[in-house]
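Chemist: Following this message is one structure expressed as structure tokens.
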Amino acid sequence: MSDDLLEAAKAVRQNAHAPYSGFRVGAAIRSAAGIHVGCNVENASFPEGICAEGGAITSMVAAGDTAILEVLVYAEADSPVAPCGGCRQKLAEFAGPDVKVSLAGPEGIRTVMTMGELLPASFSLK
Ligand code: THU
């Protein structure tokens, strides 16, 4: 199940650097090598901030993997928090349309979507 991803994303969210938005996010990605995590890291030059998903992708690639098996995003908001448009494209680089993306909050997994639902008709070199 996705329980290990949930715990990993919830834990890494605590390390988020979000002094500008005050909105902390954690992401966990499963690949063959294991679980890779990321949190949002904002910057005084606002556009330079990095989303949690981007950090987790970087960690996965640095570990030598390029195939995403599953994704979970954890945030504490009234409704499920889905990856932004840019992160959908970044995820699609390494995740096929059937890859599961779980959106979680304090009570657990709220919504499960696929990459194909999040980013239909995505751009790729294929
Ligand atoms: N954010 C993420 O890290 N991931 C998401 O899926 C949604 C938004 C971050 C970006 C920014 O640091 C803060 O949340 C507010 O938008």
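Chemist: Consider Ile29 against the criteria (1) more than 10 Å from the ligand (Cβ to nearest atom); (2) of a type in the set (Val, Ile, Thr); (3) farther than 15 Å from Val99 by Cα; (4) buried (at least 18 other Cβ atoms within 10 Å of the Cβ): it satisfies all of them except one. Which criterion is unmet?
Modeler: Failing condition for Ile29: (3).
Chemist: Could you list all residues from region 32-58 that are within 12 Å of the ligand (Cβ to nearest atom), under 13 Å from the mean Cα position of the chain (by Cα) and either loosely packed, with under 13 Cβ neighbours inside 10 Å or part of a helix (DSSP H, G or I) (or both)?
Modeler: Ala52, Glu53, Gly54, Gly55, Ala56, Ile57
Chemist: Residue check, Ala95 against (1) surrounded by 19 or more Cβ atoms within 10 Å (Cβ to Cβ); (2) closer than 24 Å to Gln14 by Cβ, all met but one. Which one?
Modeler: Single failed check for Ala95: (2).
Chemist: If a residue has to be open to solvent by 10 Å² or more (accessible area, probe 1.4 Å) and near the ligand (Cβ under 10 Å from one of its atoms) to count, how many in region 70-79 make the cut? First the steps, then the outcome.
Modeler: Of all residues in region 70-79, those open to solvent by 10 Å² or more (accessible area, probe 1.4 Å) come to 70, 76-79.
Going one step further and asking which of them are near the ligand (Cβ under 10 Å from one of its atoms), we end up with 77.
Of the residues in region 70-79, 1 are open to solvent by 10 Å² or more (accessible area, probe 1.4 Å) and near the ligand (Cβ under 10 Å from one of its atoms).
Chemist: Filter region 12-26 for residues that are in contact with a Phe, Trp or Tyr (Cβ under 9 Å, 6 or more places away or on another chain) and either open to solvent by less than 50 Å² (accessible area, probe 1.4 Å) or more than 12 Å from the ligand (Cβ to nearest atom) (or both) and give the result.
Modeler: Of everything in region 12-26, those that are in contact with a Phe, Trp or Tyr (Cβ under 9 Å, 6 or more places away or on another chain) and either open to solvent by less than 50 Å² (accessible area, probe 1.4 Å) or more than 12 Å from the ligand (Cβ to nearest atom) (or both) turn out to be Val12, Arg13, Ala16, Val25, Gly26.
Chemist: Only residues that are open to solvent by less than 60 Å² (accessible area, probe 1.4 Å) and part of a strand (DSSP E or B): list them for region 98-107, please.
Modeler: Just the residues of region 98-107 that are open to solvent by less than 60 Å² (accessible area, probe 1.4 Å), to begin with: 99, 101-105.
If the condition is that a residue be open to solvent by less than 60 Å² (accessible area, probe 1.4 Å) and part of a strand (DSSP E or B), then Val101, Ser102, Leu103, Ala104, Gly105 are the ones that fit.
The values are calculated or read from the model by the stated rules, or taken from the named source; none is laboratory data. All of these numbers come straight from a predicted model, not from anything done at the bench. Glycine gets a Cβ as well: all are built from the backbone with ideal geometry, and neighbour counts include every protein chain shown. These accessible areas exclude ligands, DNA and RNA; they are computed on the full protein's heavy atoms, side chains included. Shrake-Rupley method; radii C 1.70, N 1.55, O 1.52, S 1.80 Å.
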